[in-house]
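The values are calculated or read from the model by the stated rules, or taken from the named source; none is laboratory data. Note that the structure is a prediction, hence the values are computed from the model and not measured. A quick note on method: Cβ atoms are made from the backbone with ideal geometry, for glycine too, and the neighbour counts reach across all protein chains shown. Keep in mind that these areas ignore ligands, DNA and RNA; they rest on the heavy atoms of the full protein, side chains included. Shrake-Rupley method; radii C 1.70, N 1.55, O 1.52, S 1.80 Å.
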Amino acid sequence: KMFHNTIVKRPGSTFINGLTTSDLGTPILEKALQQHDAYIEALKACGTEVTVLPSNDQFPDSTFVEDTAVLTAEFAVISNPGAEKRNGEIHEIEPAVKSFFDKIYYIKAPGTLDGGDVLQIEDHFYIGISARTNQEGAEQLKQILESQDYNATIVPLQKFFHLKTGIAYLGNQTIVAAGEFVNHPDFNTYQKIVVPPEEEYAANCIRVNDYIIVPSGYPQTKQKINEAGFQTIELDTSEFRKLDGGLSCLSLRF
Ligand code: CIR
């Protein structure tokens, strides 16, 4: 499956006040902007047309666009982000998504859903129940997907923040898995690249056409991905990591 388009949103001056559970310190805005520039360049190098939305200082976490929508080749779902401070982000993603899609669905309260909890593997979607995505939100998405001839499995998370914090799909039936997903029965049918505990953050990598974009600084995971036959691009995401963010969170790919 090819991605032709990607959507990103610039970090704003309030980015440094974003939500976090990490104790890695306050991000440095200038560095975050440089890392975001490099991210945009990488998405272009992978052959996608990048739509860059302007920053919005009202929403410090709004650069993590992945959480606001779920996009397939045929239709879009506007999410209902589970963090109250982030919920209003959908009002800016909606017009951007509408410029690409005619068919749009919505996750509605009391359902909540973050796009970071949604992983597509070919025609099958996995939907995590997390601190952000509730059962009702997951079930709404499952129904929407099934009405459009996709399959969906709901996966309650034990520890990970979002589903995609701990798992990625690389294509060729191959996943990258960390922590609770290494021996998870729902993912046993896939070829598995196991992320060692000390490199857990590297499980959040993204396939964009012919490349796997990986965070820099996780050599064992990168080597395993390369040995499985995939080409990699390494990007420094240190400032986004300080806000629990990674490579997948920073874009919508479709
Ligand atoms: C948040 O707490 O919502 C942001 N600081 C991080 C969001 C990361 N998004 C993702 O994993 N999809």
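Pairs exceeding 29 Å between alpha-carbon atoms, taken from K108/K222; K222/K242; K44/K85; K103/K192: K108/K222; K44/K85; K103/K192. Each label point was placed 7 Å from the Cα along the Cα-to-Cβ direction; for E94 and N172 their separation is 4.2 nm. S22 contributes an accessible area of around 40 Å² to the protein surface, as traced by a 1.4 Å probe with all chains present. Surface analysis of the stretch 1-125 yields an accessible area of 45 Å² per residue, using protein heavy atoms and a 1.4 Å probe. For the chain, a Gaussian network of Cα nodes joined below 10 Å ranks L163, L29, L113 by mean-square fluctuation, and the top entry is L29.
Sort the chain into rounded, prolate or oblate with this rule: let a ≥ b ≥ c be the square roots of the eigenvalues of the Cα gyration tensor; rounded if a/c is under 1.5, and if a/c is not under 1.5, prolate when a/b is larger than b/c, oblate otherwise. Mind dumping the intermediate values first?
On the way: a/c = 1.27, a/b = 1.03, b/c = 1.24.
Rounded shape, in that the Cα axes give a/c under 1.5.
By its C-alpha gyration tensor, with a ≥ b ≥ c as the square roots of the eigenvalues, how is the stretch 211-254 shaped: rounded for a/c under 1.5, else prolate for a/b larger than b/c, else oblate? Can you show the working numbers first?
On the way: a/c = 2.93, a/b = 1.44, b/c = 2.03.
Because a/c hits 1.5 or more and a/b fails to exceed b/c, the stretch 211-254 counts as oblate.
Looking at the chain, the DSSP beta bridges with both ends there are about 45 percent antiparallel. Per residue, the chain reaches -6000 deg cm²/dmol at 222 nm when only DSSP H runs of four or more residues are counted, each adding -39500 (n - 2.57). Restricting to Cα atoms and excluding each atom paired with itself, what does the Kirkwood estimate give for the stretch 152-254 in Å? It is 13.7 Å. Normalising the average separation of contacting C-alpha pairs (under 8 angstrom, six or more residues apart) by the number of residues puts the relative contact order of the stretch 165-229 at 30 percent.
A crude spin-label estimate for the pair I104 and E49, with each label 7 Å from Cα along the Cβ direction, gives 1.8 nm. Which FRET efficiency, nearest 0.05, do A83 and N183 yield, Cβ-Cβ r, R0 45 Å? It comes out at approximately 0.95. Between K9 and L53, V65, the built amide H atoms are under 5 Å apart, and every one of these is 5 or more places off in sequence or on another chain. Here the chain exposes an accessible surface that is 48 percent carbon and sulfur, computed with a 1.4 Å probe and the other protein chains kept in place.
Summed over all non-identical Cα pairs, the Kirkwood treatment of the stretch 73-141 gives a radius of 12.4 Å. Evaluated over the Cα positions of the stretch 1-136, the convex hull gives a direction-averaged projected area, one quarter of its surface, of 8.6 nm².
Using a 1.4 angstrom probe, figure out how much accessible area the stretch 156-212 has per residue, in square angstrom, rounded to the nearest whole.
On the way: 2460 Å² over 57 residues.
It amounts to 43 Å² per residue over the stretch 156-212.
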